[in-house]
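The values are calculated or read from the model by the stated rules, or taken from the named source; none is laboratory data. Keep in mind that this is a model prediction, so the values were computed, not measured. Virtual Cβ from ideal backbone geometry, glycine too; neighbours counted across all protein chains shown.
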């Protein structure tokens, strides 16, 4: 608001005829309509600045969804498991039942094992 008032004073000095129509040249009593205009403008600029600070999500999401429609879609968590049977076990077909937990090889510095539950039967 202070910037707008200072800009109004500069405008009044540069254009005294137009400033008189807007009552910008009066020192004590500003025009309430001009004050409302300044407040509305300051509010709009504040909202615009807030949106820019938020990286304009509605603009970027719309643009990304047009360029790469699958980029913003959520992907459910999943694991791909390769089952390699041994030669003696290949004599008959086996079904991996639902709920069977598959553990990963140890990973990371602490050698964690990650259990992965199997949901549908394979």
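Data table
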| read-out | value |
| --- | --- |
| Odd one out for residue 33, checked against (1) assigned by TED's automatic domain parsing to the domain that holds residue 120; (2) in a helix (DSSP H, G or I) | (1) |
| Hey, residue 72 in contact with a helix residue (DSSP H, G or I) (Cβ under 7 Å, 6 or more places away or on another chain), more than 23 Å from residue 119 (Cβ to Cβ) and outside the structural domain of residue 119 (by TED's automatic domain parsing) or not | yes |
| Single unsatisfied condition, residue 70 versus (1) at pLDDT 80 or above; (2) within 30 Å of residue 1 (Cβ to Cβ); (3) surrounded by fewer than 10 Cβ atoms within 10 Å (Cβ to Cβ) | (2) |
| Near pairs, Cβ below 8 angstrom, 6+ apart or cross-chain, from segment 71-99 (in contact (Cβ under 8 Å) with a residue 24 or more places away in the chain) to any residue that is loosely packed, with under 10 Cβ neighbours inside 10 Å | 96/83 |
| Residue that is farther than 30 Å from residue 2 by Cα and at pLDDT below 75, where the choices are 97, 117, 76, 85 | 117 |
| Counted residues, segment 52-67 - those being exposed (fewer than 10 other Cβ atoms within 10 Å of the Cβ) and more than 23 Å from residue 3 (Cβ to Cβ) | 5 |
| Residue in segment 32-51 that is modelled with pLDDT under 80, under 20 Å from the mean Cα position of the chain (by Cα) and surrounded by 10 or more Cβ atoms within 10 Å (Cβ to Cβ) present | yes |
